[in-house]
Every structure is written in C-alpha cells, then in structure tokens.
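Student: Dropping a structure here in structure tokens format, bear with me for questions.
The values are calculated or read from the model by the stated rules, or taken from the named source; none is laboratory data. Note that the structure is a prediction, hence the values are computed from the model and not measured. Quick reminder, even Gly has a Cβ in these numbers, built from the backbone with ideal geometry, and neighbours come from all protein chains shown. All accessible areas refer to the heavy atoms of the entire protein, side chains included, with ligands and DNA or RNA removed. Shrake-Rupley method; radii C 1.70, N 1.55, O 1.52, S 1.80 Å.
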Amino acid sequence: MKRRFLPALRGIFGDWAYYSCLMSLTELSARVTFAKEIHKSKELSALIQRELKRTRAKEIAEYLQNNPERFFNSLVVAGI
C-alpha cells in the first residue's frame, strides 16, 4: 500500500498522544482492519474493540448512503 501523509491535529490526553484527521470512507476501509484480524488472542481483541453488530452495520450503511446531510462520528484507530 502506498504511504500517505494526512494533515492532522496532535493532542495529548494523559500519557497518550493522539492525532485527529479527516479521511474518506473509501480510504478508511482500504487502510483499517478489525482488531480480530490483527491479534490472534480473542481476549485481547475483545478488550481492544467492541463487537460490531451486523444489523447495526446495515442500518449505519443505509443511513450513510441515503442521507445527503449525514454525519458520522469519530473513530478511534490504533496504529501499528
């Protein structure tokens, strides 16, 4: 995958440094995977990421596709 640099704001929260940026859903889906696809430990993956309910995923997709004035919340993504 081609390396890409994104303009971002850097913040500090306790001991954590974080970055906030904008990314299209197409780019997000190409660059981000679920925790269970990275970690072999099911317990660790469960701690890192809450389970995605398939019915909720369908509702969210329909909302994003059918509402021109849509808004999608922030995602927290850990880099490796």
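Student: Can you name the residue in segment 62-76 that is within 17 Å of Glu27 (Cβ to Cβ) and of a type in the set (A, V, I, L, M, F, W, C) and, of all such residues, is most open to solvent (accessible area, probe 1.4 Å)?
Tutor: The selected residue is Val76.
Student: Sort out which residues of segment 1-22 are open to solvent by 100 Å² or more (accessible area, probe 1.4 Å), out of contact with any Gly (no Cβ under 6 Å at 6 or more places or on another chain) and not basic (Lys, Arg), and write them in order of number.
Tutor: Scanning segment 1-22 gives Met1, Phe5, Pro7, Leu9, Ile12, Phe13, Asp15, Trp16, Tyr19, Leu22.
Student: Let me ask something additional. Which of the following residues is part of a helix (DSSP H, G or I) and either modelled with pLDDT of 65 or more or touching a Pro at 6+ places or on another chain (Cβ under 9 Å) (or both): Glu69, Glu59?
Tutor: Glu59
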